[in-house]
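Below: the structure, in structure tokens.
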Amino acid sequence: MLDKIGVSSVEELFRGIPDTLRFKRPLNVPPALSEIELEQHMTELARANVSPADAVCFLGGGSYDHFIPAVVDAVAGRSEYYTAYTPYQAEASQGSLQAFFEYQTLICQLTGLDVANASLYDGGSAVAESVLMAMSIHPKRHKVLVAESVHPEYRRSLQSYLANFDAQVLTVPTPHGWLEPDSVRAAVDEETLCVIVQHPNFFGGLEEVEGLARLAHDRGALFIVSFDPISLGLLRRPGQYRADIAVAEGQCLGNPMAFGGPYLGILACREEFVRKMPGRLVGQTVDRKGRRCWVLTLQTREQHIRREKATSNICTNQGLFALRAAVYLAALGPQGLRETAELCARKAHYAAEQLTQIPGVTLPFQRPFFKEFVVQVPGDAPALLARLLQAGYHAGLPLGRWYPALGNCISIAVTEKRTRAEIDAFAAAFAKEVAAGR
């Protein structure tokens, strides 16, 4: 290879890298293994993982143990979808384009908004992309208000995306677990670009989205909401409370937890903003014989148009996950989605009732919630979670990792998969381990 590119040595090849950045010791790589030895080694490493199949799962925070109907794997596993090579080029097959069009249609029906793109990377990047989109809509505004109850990793992604932009990101405190309208009223002004809210929020609580949207619009700011797709089986759709842009993590729509990713970013908006939308948009038309067909109507990626005109450099690695989401939504239908949402809500509230009967365990936020809630525990929360994992439970997320003031609090999520027997056994184990930690 060096001969082919006209370089005499590896040293010459890397000459352009500053000496201070060069790796100057041998790589700590063990001797080569045979195929059978390598397979045994990887199997042994994999045994160290404790997946939701190995322990009863109450984890949340954007990744949930929802039921995935068999039809999702059956359709998404077909070779024409599973092996499609980066299906964003102009020569993308009609089958892929139709699948994306159906996905977009379903997301519009789900959100009550006019238009949806053909997927983004994940929930965090979708929040960040929505703000870049807002900056394109209102280029003279630079103040971004984001609720503290928005997922902390989404907020970190936003900070990273905007690090080199002329934008001021202000986090509005939520000491009671939800964004109080008075806090927004005091912070929003004519310089405000957008107000970002998560509903249900990171703590599981429901926000006053209608009032917050009104406060944003009264000052000419955009209202951006990050929503839980499953919750829309019960809650009002973003379009109904006049959200301008709605984004979500689509993992819950037929996609496995997969140790944290890759996942699916959802973005929908009002029609007037379609030209500012990142990514791709598949449209329906007819060919010269009058037959229905599909085209890439909008391609605002820098790979397709001049960089200074591009709204995003987003790629389409998530096309397969968007397909899975479309199959999932089509399989459930409106009634199935409602039943799933009702099961989540009822089981989560039952779990909260059982856990708060344990001495010392309380709900720090007195707020309506959907499928996720926060409990305050006596003693060390991470230590309690470690003991519960040994007892066979992924018991929740320690919130002190992101919120130091909530160091003894745990976020717990309950999906439709959890049975009453599992919840009762979990509460009993929780009580035992709380008593053991006193």
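Could you order peptides 34-40, 196-202, 136-142, 240-246 by the average number of other Cβ atoms within 10 Å of their residues, highest first?
196-202, 240-246, 136-142, 34-40
From Cα pairs below 8 angstrom and at least 6 apart in sequence, can you work out the relative contact order of the chain, rounded to a whole percent?
Relative contact order of the chain: 21 percent.
Give me the lysines in straight-line cross-link reach of residue 276: C-alpha distance below 27 Å, same-chain residues under 8 apart excluded.
Once the sequence-local lysines are set aside, what remains near residue 276 is 140, 143, 309.
Which whole-number value in Å² is the accessible area per residue of the stretch 134-257, probe 1.4 Å?
On the way: 4660 Å² over 124 residues.
Accessible surface, normalised per residue, equals 38 Å².
Ranked highest first by the average count of other Cβ atoms within 10 Å around their residues, in what order do 344-350, 277-283 fall?
277-283, 344-350
Note down the accessible area of residue 2, probe 1.4 Å, to the nearest 10 Å².
Residue 2 exposes around 50 Å² with every protein chain in place.
Treating only the Cα positions of the stretch 67-198 as identical point scatterers, give the base-10 log of I(q)/I(0) from the Debye formula at each q in 0.19 Å⁻¹.
-1.12
Do you know the relative contact order of the stretch 319-434, to the nearest whole percent, from alpha carbon pairs under 8 angstrom that are 6+ apart? Before the final figure, lay out the partial values.
Details: 137 pairs, mean separation 32.2, N = 116.
This gives 28 percent for the stretch 319-434.
To make sure I understand the rule: partners must be lysines, Cα under 30 Å from the Cα of residue 289, and not fewer than 8 residues away in the same chain. Which ones qualify?
Hits, sequence-local ones excluded: zero.
Just want to confirm a number: the relative contact order over the stretch 90-199, from Cα pairs under 8 angstrom separated by 6+ residues, in percent.
Details: 116 pairs, mean separation 31.5, N = 110.
29 percent.
Reachable lysines from residue 417, Cα under 23 Å, same-chain residues fewer than 8 places away excluded?
Excluding near neighbours in sequence, the set is 347, 371.
The values are calculated or read from the model by the stated rules, or taken from the named source; none is laboratory data. Small disclaimer: the values here were computed from a predicted structure and weren't measured. Quick reminder, even Gly has a Cβ in these numbers, built from the backbone with ideal geometry, and neighbours come from all protein chains shown. All accessible areas refer to the heavy atoms of the entire protein, side chains included, with ligands and DNA or RNA removed. Shrake-Rupley method; radii C 1.70, N 1.55, O 1.52, S 1.80 Å.
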